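Bear in mind that the values in this text are calculations on the coordinates, not laboratory data. Computed from a predicted model, the values in this text were never measured in an experiment. Ideal geometry is used to build each Cβ from the backbone, glycine not excepted, and the neighbour counts take in all protein chains shown.
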Amino acid sequence: MASHKILFLFILLGFLNFATTEPQDQSSTPFYLSHACNVDNSIANSAFQFNVRTLLSSLSSNAPGDNGFYNTTVPSQNPTDSVFGLFMCRGDCSLSIQPVIWYDECTVRYFNRSFFSTVDTTPRFALLNTANISNQESFMRLMFSTINKTADEAAKDDKKFATRQTTISEFQNLYCLAQCTPDLSPLDCRSCLSKVIGNLPLFCEGQQGARVLYPSCNVRYDLYPFYRSTKRTKPPAWVPATNYPDADSQISEDPTYLNHSCPTNVTVDTTFQMYLKTLLFYLSSNATNGKKYYEDNVEQTVYGLFMCRGDLPSQLCQQCVLNATQRISSVCNSVQEGIIWYSHCMLRYSNWNFFSELEESPKTDILSVTIPSTGPIPEQDFFNYTISNTIVKLAEEAGNNTERYATKSLKLTDFQTLYTLAQCTQDLSSDDCQKCLEDINRNIPWFR
């Protein structure tokens, strides 16, 4: 059977009077990554455990403010009961003796000996995007060159933090980040980062994105702006409105046709056409009872499904699916496969069983790109970060939702709100849904 790739998901971004200013309401919680502990039950209810609690209270109390890094010690008469700890926030944003925990935005660690100003490379943690990159040799060469320049800058920086971006193609950038705990010397910081970078081929050869975290330093690269620009400028009063008001309204009365694809030119016989007509009738009939998703087949010869936007009332879903069945039967009637997108729904059929398969092509996109007459938006990097970071969290929520659907709104100012929506077909697993949405995020032309 030929391998076919079809993308089934929605990511919608909406803006009301949007200006690129600091969000006033960050409702989402920090993103947990991993932790490492060597469990020792003998310390339960001990002086050491009491000191650990005291230390953690001190760390959390010193987190407010702009420090981004803090280390402290809780001494004890018995040296083995002394506790040393630190936290390090990313430069832009209990039964264990030596644990470390990583979040996307920070690291917290404690130990029963002083580790301050010392390079530690274990335990370690790696997280990567398993999608392959085209032209791997050229990409990896560019990535290593950029990440090493980023590491050089981080080692010289007072906060031991640096980011860098470079152009891959006309519509794609590579984004890199490097950071050490600020208690390290410039030489030790660069040494730690060199070890991380040297291990990147073990984890991420040919991958679109990866991060490797050591207790003393970490690096990350990806194809979307996952960090905030540290060079802030005064934002303009407003950003131009979107070019698609009909699709941006909360729920417009009529579904708007977006695009369709008939990915094969193999013609079908009259039997297949009869089965297809029956399948399309099944699909439109099942959109009448409140279903937002439905899949079916006829004689295991033709397979099909529809997916309505998760927030639609039943009557609008029904109307959209009816419009989709009528239009696709006209534009793709004589071929084995077809897919059609509307603002309210998506419908697809094929001669092979594609249910529960993650498909990423063909795809369609509508980009609302408005460049002000005054030139590029000064805060464009921060604007891109805000959207991409929101989509990352949205992908996780949609993947964990049984309906594979999630929305988020982020209040930017008293008058401006960012609205986002993500959706996968409900036959996908949680992991496949999240991966599909994350791949979309990486393929958005962020700096166009």
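Can you give me the distance in nm between label points at Q172 and S285, each placed 7 Å from the Cα along the Cα-to-Cβ direction?
4.5 nm
Distance in nm between label sites at S134 and V331, each 7 Å beyond Cα in the beta-carbon direction?
The two pseudo-label positions are separated by 2.3 nm.
Using only the alpha carbons of the stretch 253-325, what is the convex hull's orientation-averaged projected area in square nanometres?
On the way: hull surface 21.3 nm².
One quarter of the hull surface, i.e. the mean projection, equals 5.3 nm².
Any chance you could run the full-extension gain for T301 through E153? It's 0.36 nm times the residue separation minus the Cα-Cα distance, nm to one decimal.
Working: separation 148, 0.36 × 148 = 53.28 nm, distance 5.93 nm.
Once the chain is fully extended between T301 and E153, it gains 47.3 nm.
At 0.36 nm per residue, and after removing the present C-alpha to C-alpha distance, how many nm does the segment from T122 to K277 gain when stretched out fully? Write out the running numbers ahead of the final one.
Values: separation 155, 0.36 × 155 = 55.80 nm, distance 6.11 nm.
Full extension from T122 to K277 adds 49.7 nm.
Over all pairs of distinct alpha carbons, what does the Kirkwood formula give as the hydrodynamic radius of the stretch 127-226, in Å?
Details: mean 1/r = 0.0748 Å⁻¹.
After inverting the mean inverse Cα-Cα distance, the result is 13.4 Å.
Using only the alpha carbons of the stretch 301-448, determine the length spanned along each of the three principal axes and report them from longest to shortest in whole angstroms.
54, 35, 30
Run the numbers for T267 and S430: contour at 0.36 nm per residue of separation, minus the present Cα-Cα distance, in nm.
Details: separation 163, 0.36 × 163 = 58.68 nm, distance 3.52 nm.
My answer for the length gained is 55.2 nm.
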